[in-house]
Amino acid sequence: MIKFIKGPIMAIAWTILRIWLGFQWIEAGYYKIKLGFNAGGFIQGAIANANGGSPTVQGWYAGFLEKVALPNIDLFNILIPWGEFLVGLGLILGLATIPALIGGAFMNANFIMAGVGLASLDTKLFAVAMILLFVGTARYYYGLDRFAIPFIKAVFNKNEVIKQIKVSA
């Protein structure tokens, strides 16, 4: 069963899922870049949702938003849209797939903790990212990582061989 899940036939389904996830991210990032983005209101709303009778944001996370994110809002206004765009690009191309999935899942987790709720699209995107992380090499079987990873490994192994030759000489 595991061989089937990680095999080339299921890789078609994982690729479709990966590309769909990539389009979700690239679209979100593209429009934020094109139209401008300010996370200040969202962050202030999340901080406000940490108070009251039934808070939707944990106090420790509201503290992080208040002490780290809000004072550095200009940085977050750049990181969020470009991060979303680059995650989407990586997933669509199948290049740097693992970092893109981890980055996307990290952003989803932060959006969920900021109070968007478990019924939001972010929860579904997080679940898809986690599934794709655990299916192994099938996630990028039909992507550029299939060629890039062996190339990068060869370059590093070549450098390691050269170092070993110099040490033994």
Exercise. Just need the relative contact order of the stretch 53-134 here, percent rounded to a whole number, with Cα pairs under 8 Å and 6+ apart.
Key: 30 percent
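With a ≥ b ≥ c the root eigenvalues of the C-alpha gyration tensor of the stretch 2-61, is it rounded (a/c under 1.5), prolate (a/b larger than b/c) or oblate? Before the final figure, lay out each step's value.
Numbers: a/c = 5.71, a/b = 1.81, b/c = 3.16.
Because a/c hits 1.5 or more and a/b fails to exceed b/c, the stretch 2-61 counts as oblate.
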Self-check item: Student exercise, the chain dipole from Lys, Arg, Asp, Glu Cβ charges, in Debye to nearest 20
Solution: 720 debye
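What number comes out for accessible area per residue over the chain if the probe is 1.4 Å? Units Å², please.
Per residue, the chain has an accessible area of 61 Å².
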Quiz item: In cubic angstrom, how much convex hull volume per residue do the alpha carbon atoms of the stretch 71-130 span?
Solution: 80 Å³
Practice problem: Express the relative contact order of the chain as a whole percentage, based on alpha carbon pairs under 8 Å and six or more residues apart in sequence. | Solution: 31 percent
Practice problem: Using only the alpha carbons of the stretch 101-150, determine the length spanned along each of the three principal axes and report them from longest to shortest in whole angstroms. | Solution: 41, 14, 13
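Which links in LYS3/LYS153; LYS32/LYS153; LYS6/LYS34 stretch past 32 Å when you go from one Cα to the other?
As for pairs spanning more than 32 Å Cα to Cα, those are LYS32/LYS153; LYS6/LYS34.
Counting only complete DSSP H runs, which helices of the chain cover 15 Å or more along their long axis at the Cα atoms and score a mean Kyte-Doolittle of 1.0 or above?
Values: long enough: 8-35 (40 Å, 0.74); 73-93 (30 Å, 1.73); 97-111 (21 Å, 1.04); 121-134 (20 Å, 1.92); 145-168 (34 Å, 0.11).
Membrane-span-like by this criterion, though nothing is claimed about a membrane: 73-93, 97-111, 121-134.
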Quiz item: Evaluated at 10 °C with a viscosity of 1.306 mPa s, what Stokes-Einstein diffusion coefficient in µm²/s does the chain have when Rh comes from the Kirkwood expression over alpha-carbon pairs?
Solution: 88 µm²/s
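The values are calculated or read from the model by the stated rules, or taken from the named source; none is laboratory data. Everything quoted here is computed from the prediction, not taken from an experiment. Using ideal geometry, Cβ is built from the backbone for each residue, glycine included, and neighbour counts are taken over all protein chains shown. Please note that ligands, DNA and RNA were not included when accessible areas were found on the heavy atoms of the full protein model with its side chains. Shrake-Rupley method; radii C 1.70, N 1.55, O 1.52, S 1.80 Å.
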